[in-house]
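Here, each number is a calculation from the coordinates, and none is a lab measurement. Remember, it's a predicted structure, so these values are computed and weren't measured experimentally. Because the Cβ atoms are built from the backbone with ideal geometry, glycine has one as well, and the counts that use them run over all protein chains shown.
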Amino acid sequence: MTKKLFTLLLAVAASVGTIFAWDYEHVQIGELYYNLDATNHTAEVTHQNSNYPYWSTTITTANIPSSVTYNSVTYSVTSIGDDAFYRCTGLTSVTIPNSVTSIGFSAFFGCTGLTSITIPNSVTSIGYYAFHGCSGLTSVAIPNSVTTIGGSAFSGCSGLTSIIVENGNSFYDSRNNCNAIIETATNTLIVGCKNTIIPNSVTTIGGSAFSGCSGLTSITIPNSVTSIGDWAFESCTGLTSVIWNAKNCADFASNNTPFYANYHDEEWNYDFSFDIRPQITSFTFGNEVEHIPANLCNGMSNLTSIEIPNSVTSIGNSAFEGCSGLTSVTIPNSVTSIGVQAFRECSGLTSITIPNSVTSIGGIAFYGCTGLTSITIPNSVTTIGYYAFYGCTGLTSVTIGNSVTSIGEGAFVGCTGLTSITIPNSVTTIGYGAFTYCPGLTSFTNYATNPQLISADVFEGVDISTCTLYVPAESIALYQAADVWKEFFNILPIEGELPIEPTEGEFNVLYIGHDGDYISSEEVTLHLPVAPVIEGFLFVGWQTVSAMLTEGIIIQAVYQAEEPTSAPAVYTNPANPAQKLIRNGNVYILRDDKVYTVTGQTVK
């Protein structure tokens, strides 16, 4: 462990024994040592030497006076300095006067002989590691004057059985390894270090605040808390229940959540990890919580259910990442955003309800949720983030709301169980590799009237010879000419759509030039042939297939089965092999190699 060394500014005028007004003088008075401030006439209790070890003799009793006199000048003792009694293992008794306002960093670090200490009402701050390793301490009383308790102030105090906190404001950053009773003057906070309730006055819980409290089984965080330091509950190996009432607490770093620590020992160059998140089985949110912080429940694999109250408006990044025990989550109508990786690797999740209030689903939000079988993305969502459903192998059904404009890169990569998907006409962007390695896709419905510009790998790993592309009937020609889309073997009108042109008269034809660009559209008059007769089917009408200037106009006759049929997916008319039964009883008769008259002129 790196020691914090106290630096003295020493400038003694040897001839007269006086000091300059801006300097400190290190002196011994009685058994104790002090730094004297000649300007303010104050004294700080300090250690014997400036270099470790700080004490060359063992001190057993420290009766600190309220003032000391040196060279006929009286100094008020106002502080116990950093490392003042560092590793004074023989120290058994300390008296602190009412003049002292602060106890410094590591002031009583390693004082294993101390069994009790009384902190006066004058003290306002207790420094980091102030009583670290005081294993003999059994009782500590913290007065209501204290407003700050440094991180790890009581870490390693394995003998503590009682901590009395007279003011809730003060108890936010202590560390103990205990079976303790922690209470205010009117309210018990911890009984046997098993149930912890922090008062509503507390706004900050410091780093390592309860670290090492192995007897702690539950903790309640009040709604007043806005900040929790790193590793606040590190090594709380018995902790299984958290009641979270923090209304709007700051986010946590991914590996520095209150329930996780990664500690590096500089002296031995060794890393220690204390991950107690998988012991936590119950996490309850209060009904005033507005934001679920990033990484809050990250890695709590034993969580089986959570209830998110209607007050929550946002779910932070990785908030529930790795909660593999979750099976069902209902997100309330108050939530507007789901953060990046919010439910990543929640492999046990079989269903989740996303409300209409949500406008964005972050990247990797449901990455690796292999148990999900269906997902409905509401009409309010405009963006599906990158890799949002990556590796959701159990997903067989996806419904995308009609406000989605963008499907992110790799959004559905590796969704091997997906057999069909429907894209609303609002979608203008489909990202790189969005449906890569979805070999089960047999039906892809795209309501966009103008084919989206997509990269060649969007459907990599999809068998486009067996996956049918369904598009608006009037856009078939556009898809047949568009890059990537035109690679589908079967491009058919969307199920249930029969926007058939008149059997005779005006057609609205979109022409396509030599380079594949669309030239213009115009209404033309076609003189149509007589539709072939197919037994068991009724002729519905004619439909334009394409209007390439170089190939002429190709149209097809559309039929409807007279009654439900179990005909094969592809039926060939024995009289004309070019005539195919395409699907579901609808027959599309391709009029190959035909040239038709348009407004009296032949188009070639």
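A simple count of charges around E290, restricted to other residues whose Cβ falls under 15 Å of its Cβ and scoring Lys, Arg +1 and Asp, Glu -1, yields -1. Label positions at S305 and S93, each projected 7 Å from the Cα along the C-beta direction, are separated by 5.9 nm. Annotation: amide H-H contacts under 5 Å for I228 (H modelled 1.01 Å from N, sequence separation of 5 or more, or interchain): I205, A250. Over segment 68-108, the alpha carbon radius of gyration divided by the compact-protein estimate 2.2 N^0.38 Å works out to 1.32. Once the C-beta distance of S374 and S337 is scaled by a Förster radius of 22 Å, the resulting FRET efficiency is 0.50 to the nearest 0.05. FRET efficiency for the S455 to T405 pair, using the beta carbon distance and R₀ = 22 Å, is estimated at 0.80.
When Rg is the radius of gyration of the Cα atoms in segment 359-404 and Rh is its Kirkwood radius, what does Rg/Rh come to? Rg/Rh for segment 359-404 comes to 0.96.
Taking other residues whose beta carbon is less than 15 angstrom from the beta carbon of S99, and scoring Lys, Arg as +1 and Asp, Glu as -1, yields -2.
Potential lengthening of the chain between F489 and S224 amounts to 89.2 nm, from the contour at 0.36 nm per residue minus the alpha-carbon distance. Here is the tail figure for segment 375-462: Cα pairs spaced more than 14 Å apart come to 59 percent of all pairs. Spread over its residues, the convex hull of the C-alpha atoms of segment 423-465 is 74 Å³ per residue. With no solvent and one point on each alpha carbon, what is the Debye value of log10 I(q)/I(0) for segment 45-119 at q = 0.16, 0.20, 0.23 Å⁻¹? After summing over all Cα pairs, the log10 values are -0.57, -0.87, -1.11.
For T220, the residues whose modelled amide H falls within less than 5 Å of its own, excluding neighbours fewer than 5 places apart on the same chain, are T196, I197, I198, I243. Distances between placed amide hydrogens fall under 5 Å for I423 paired with T445, N446, Y447, all partners being 5 or more residues away or on another chain. With the convex hull drawn around the C-alpha atoms of segment 293-396, the volume per residue stands at 71 Å³.
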